[in-house]
Amino acid sequence: MSWRAFGCGTLAAAVFVLVGIVGIWRAGAPAECPAVLPYEPSAYRPTGDPTEEPILAGIEEELELAGTTSFGLATWEVWVEPGRVPSSADEPLPQRIVLACGDGGFQAYQRGSG
């Protein structure tokens, strides 16, 4: 057995694993909420500033957790108005939602045209 071949193979395997780890780390979900949440039939755009708790303007009641939504590798908890939780995955989300960001904040979104 050639020690040179063994050394080069070990180095190549280490570089391969390192590149894979860096790639997975870079592809992970961001901590902040997205600037636009792609969704059909139209995208959700942020409204207002991030808050420390899930709130929607004009809603006095506590919001309900409606599950999660994801785009790519990123996943966010979705909060909606009381009584507006979709009953199935096929049912669309309400016009206004709040996402729980990975940084501990919450951002309100409204479905727009585009």
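Could you say which residue among E91, E52, E40, E32 is charged (D, E, K, R) and either at pLDDT 90 or above or farther than 22 Å from G112 by Cα (or both)?
E52
Every residue, every condition in (1) touching a Phe, Trp or Tyr at 6+ places or on another chain (Cβ under 8 Å); (2) outside any helix (DSSP H, G or I), yes or no:
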{"residue": "L11", "(1), (2)": "no, no"}
{"residue": "L18", "(1), (2)": "no, no"}
{"residue": "C33", "(1), (2)": "yes, yes"}
{"residue": "P50", "(1), (2)": "yes, yes"}
{"residue": "A57", "(1), (2)": "no, yes"}
{"residue": "E61", "(1), (2)": "no, yes"}
{"residue": "E77", "(1), (2)": "no, yes"}
{"residue": "D90", "(1), (2)": "no, yes"}
* To do: Kindly list, by first and then second residue, each pair from a residue in the stretch 49-62 that is hydroxyl-bearing (S, T, Y) to a residue that is part of a loop (DSSP other than H, G, I, E, B), limited to pairs with Cβ atoms under 8 Å and residues at least 6 apart or on different chains.
  => T51/G105
* Asked: Does any residue in the stretch 74-89 that is closer than 20 Å to I59 by Cβ come within less than 7 Å, Cβ to Cβ, of a residue that is of a type in the set (D, E) six or more places away or on a different chain, and which pairs are these?
  -> W79/E64; V80/E64; P82/E61; P82/E64; V85/E64
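For residues that are assigned to a strand (DSSP E or B) and under 14 Å from D49 (Cα atoms), tally how many sit in the stretch 98-114. Give the steps one after another, and end with the answer.
So in the stretch 98-114, the residues assigned to a strand (DSSP E or B) come out as 98-100, 106-111.
Pick out the ones that are also under 14 Å from D49 (Cα atoms) and you get 98-100, 106-110.
Counting residues in the stretch 98-114 that are assigned to a strand (DSSP E or B) and under 14 Å from D49 (Cα atoms) gives 8.
The values are calculated or read from the model by the stated rules, or taken from the named source; none is laboratory data. The shown structure was predicted, so the numbers you read here are calculated from the model rather than taken from an experiment. Note that we place each Cβ from the backbone using ideal geometry, even for glycine, and neighbour counts take in every protein chain shown.
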